[in-house]
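Below is one structure; the comments refer to it alone.
The values are calculated or read from the model by the stated rules, or taken from the named source; none is laboratory data. Everything quoted here is computed from the prediction, not taken from an experiment. Counting neighbours? That spans all protein chains shown, and the Cβs are built from the backbone with ideal geometry, glycine included. Note: areas computed on protein heavy atoms with side chains; ligands, DNA, RNA excluded. Shrake-Rupley method; radii C 1.70, N 1.55, O 1.52, S 1.80 Å.
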Amino acid sequence: MKVPYSYLTEQFKNSEQILEAFRAQIDRCQFTFGRELEEFENNMAQYTGAKYVLGTSSGTMALSLLLKASGVSYKDEVITVSQTFIATVGSIVAIGARPYYVDVLDDFTMAPDLIEQAITPRTKAIMPVHYSGNPAQMERIMEIADKHNIQVIEDACCTISGKIKGKHVGNFGISGAFSVHPLKNLNVWGDGGFIITNSKKLYDKIFLLRNHGLKGRDEVEILGYKARLDTVQDIVGNYLFKKIDNNTEKRNSTAKKYDGALSSKKLSDYITIPPRRKDSRHVYHMYMIQAKNRDMLLQFLVNKGVEAKVHYPIPVHLQKASMNQKEPFQMTDLSKTEAQCKSLITLPVHQHLTDEQIDYVIDCIYRFYEEELWK
Ligand SMILES: *Cc1c(COP(=O)(O)O)cnc(C)c1O
């Protein structure tokens, strides 16, 4: 049986409605700043409960724009994690600032208790990541940030629909950045992202930064970037956003099924499922667990047609790009991050999986440990 990791061909098998919206747009040719952008931003404001939304050219640019607009600049430090996709750190370095890595908890998100030891006179922001679709411990992080008067920017790039006690992620700090890249739960036909914030001041600044700092057609107020979300992507986003809650629910029920089947006594020496919080909504952008003999398990699953993956075998702080700094980036002890990267495995969890496929994945994992380890 084949269990593909990607759901894109399935998701876009029947895209007539999107193509029709494209055709209608061709009559208007408003390829940038079309009415669809406004519609997308309104949709996202309503969905996340944030006052202001700005579409951006990617999640990475959303993060960079936010840092820039928040006054983070050259050689300033941003406390973040190494247990993340490289874009988190890329967005910090792109504006001349520097990451300060702190270790994570067993659920792969920032360890709030390590933040204080990473604060220096250069600290300008804290950037927790809602990693794998799992909301970070925002209440605790905000307590510490408020105590030290440091702004918090949430990397919510892979966590659209994520909530803590009913409040959508991105609304805890001064703002949150989201990605609508094809591999995210809400996705478009290329690169894209958006920013949510409840600060009018931040919104106004990013509104300018996103479009060359142009105020109107002829006047440049500040020097900025070009980082807009194109009409084509808005059309796809507006179409798909109606399905996002169903997709999230489906992912959750699949994850629950995996959790139940893989937390058996039989597998307890081999599989570790991260702690699940009751007060938050995980969106399972990725279903990640820790597995003994991970690399062998991965190979076994792939051979059986299960497209499992590893996110990521090398943590950001151990990447060549991160280590080749003249003045090394600072970090707390990152042993948890490093241990996780050696044992993490990601199983397919998308909304188009059938019950047979899910059962097959579970069955393959049992078979692996039976055949490979118990012989
Ligand atoms: C995807 C992702 C990003 C970057 O988003 P892009 O739209 O690909 O630029 C940043 N951070 C995290 C945690 C992500 O998963």
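Whole angstrom only: what separates the Cα centroid of the range 32-96 from the Cα centroid of the range 323-375? Rounded to whole Å, the Cα centres lie 28 Å apart. At a probe radius of 1.4 angstrom, the accessible area of the range 134-192 per residue rounds to 33 square angstrom.
Taking E77, E372 and ordering them by how much accessible surface each has at a 1.4 Å probe, largest first, produces E372, E77.
Can you classify the chain as rounded, prolate or oblate using the Cα gyration tensor, where a ≥ b ≥ c are the square roots of its eigenvalues, rounded means a/c under 1.5, and otherwise it's prolate if a/b beats b/c and oblate if not? Because a/c hits 1.5 or more and a/b fails to exceed b/c, the chain counts as oblate. Bridgeable aspartates and glutamates around K165 (alpha carbons under 15 Å apart, same-chain partners fewer than 8 residues away excluded): E139, D279.
As a rough guide to protection, the peptides 24-33, 284-293 ranked by mean Cβ packing within 10 Å, highest first, stand as 284-293, 24-33. Accessible surface calculations at 1.4 Å, restricted to protein heavy atoms, place the range 58-105 at 25 Å² per residue. Dimensions of the range 126-195 from C-alpha coordinates, computed as largest minus smallest value along each principal axis and given longest first, are 42, 21, 16 Å. Taking the protein heavy atoms of the chain in the context of the full set of protein chains, the accessible area attributed to carbon and sulfur is 51 percent at 1.4 Å.
Cross-link check: pairs K51/K278; K184/K309; K167/K309 evaluated at a Cα-Cα cut-off of 21 Å; pairs beyond the cut-off: K51/K278; K167/K309. Between G49, G162, G260, the residue with the greatest mean-square fluctuation in the GNM of the chain (Cα pairs under 10 Å linked by springs) is G260. Only helices enter the 222 nm calculation for the chain: every DSSP H run of n ≥ 4 contributes -39,500 (n - 2.57), and dividing by all residues gives -11000 deg cm²/dmol, rounded to 500. Using every pair of separate Cα atoms, the Kirkwood estimate puts the hydrodynamic radius of the range 236-375 at 16.9 angstrom.
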